[in-house]
Amino acid sequence: MSEDIPFTWYRVSCPKSVRQTPFRIVGFQLDPKDAHHDVVQKAIRAAARQGGIPLAPDGSVRNPDQLFKTRYLGALSEILLVRFLQRQLGEEFRVARDDHFRGYENHTDITVRWNDRVVTLEVRGSFPYRPLQRVLCELFDVIGPYATTYKPGEPSRDFYLRTLINEKVDDFSPNRPHRLYFVGGAEAALFGDEGGRTDLKQAGAEYLTIKPIAKARDAAEILGLIRQSLKGEKR
């Protein structure tokens, strides 16, 4: 594995009505012109070659610049999460991303294997540009399974992970220093307990979400649940 990207653990406190304990997240700081040039360029290339449908959930054509940045966020999230999960889970696990996009119905962002067991991970990213405490404790969701006008349904994944770049998407450039946050997520079953249905203000779409993010699992809890799911351990 090539050079690791440095990361920092953060704790964010929410109102007790949302979460009793601090919400633990991870921040990856990237310098695209120096130490992390290769990682950023790998994500840029992946975003440029992605063959997904350039449509919003309501069927309208997306802004090409915003679409590229969204795809970059997705590719960077997967690259960094594979490295982070591998390092945190240990060598007995095998973490890999599927970097050959063959259509949404056949694509799994990340798989984690232990012996003959495997779990699947879907990664969702956003550019919120709001105070981080409000993003986690009030404004943004963990996004689970969904259907849109061009995606009538997708295969269920075992876990849904959430990433953020807390900048305005219109002002963002991958060629300037930036920070990506891994803010946890949820196992599929949690959407049945805590989730709700919404169109996220996008006509023709239906999402299962947990809002706010802090009502789901933080980054440390997700690590434990992945390990438990594969090894059958009690937490």
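The numbers here are math on the coordinates, done by the rules we state, and not lab data. Keep in mind the model is a prediction, meaning the values are calculated, not measured.
In order along segment 26-38, the phi-based Karplus estimate (6.51 cos²θ - 1.76 cosθ + 1.60, θ = phi - 60°) of 3J(HN,Hα) comes to 10, x, 10, 9, 10, 10, x, 9, 9, 5, 10, 4, 5 Hz; Gly and Pro are listed as x. Phi-derived couplings, Karplus 6.51 cos²θ - 1.76 cosθ + 1.60 at θ = phi - 60°, listed residue by residue for segment 169-180: 4, 5, 8, 5, 9, x, 8, 10, x, 8, 10, 9 Hz, with x used for Gly and Pro.
Here the scattering of segment 1-41 is modelled by Debye summation over its C-alpha atoms, one equal scatterer each and no solvent; at q = 0.20, 0.23 Å⁻¹ the log10 of I(q)/I(0) is -0.66, -0.75.
Taken one residue at a time, the phi angles of segment 44-49 give Karplus couplings (6.51, -1.76, 1.60, θ = phi - 60°) of 4, 5, 5, 5, 5, 9 Hz. Gly and Pro are set to x. Over 25 Å apart at the Cα level, from the set Lys33/Lys211; Lys42/Lys211; Lys42/Lys69, are Lys33/Lys211; Lys42/Lys211. Annotation: amide H of Val123 within the under-5 Å range of Asp109, Leu161, sequence separation 5 or more or interchain, hydrogens built in the peptide plane.
Using 0.36 nm per residue of separation minus the Cα-Cα distance, give me the extension gain between Asn115 and Arg130 in nm, one decimal.
Roughly 1.2 nm would be gained on extension.
One decimal place: the segment Asp193-Arg176 gains 2.1 nm when fully extended, by the rule 0.36 nm per residue minus the C-alpha distance.
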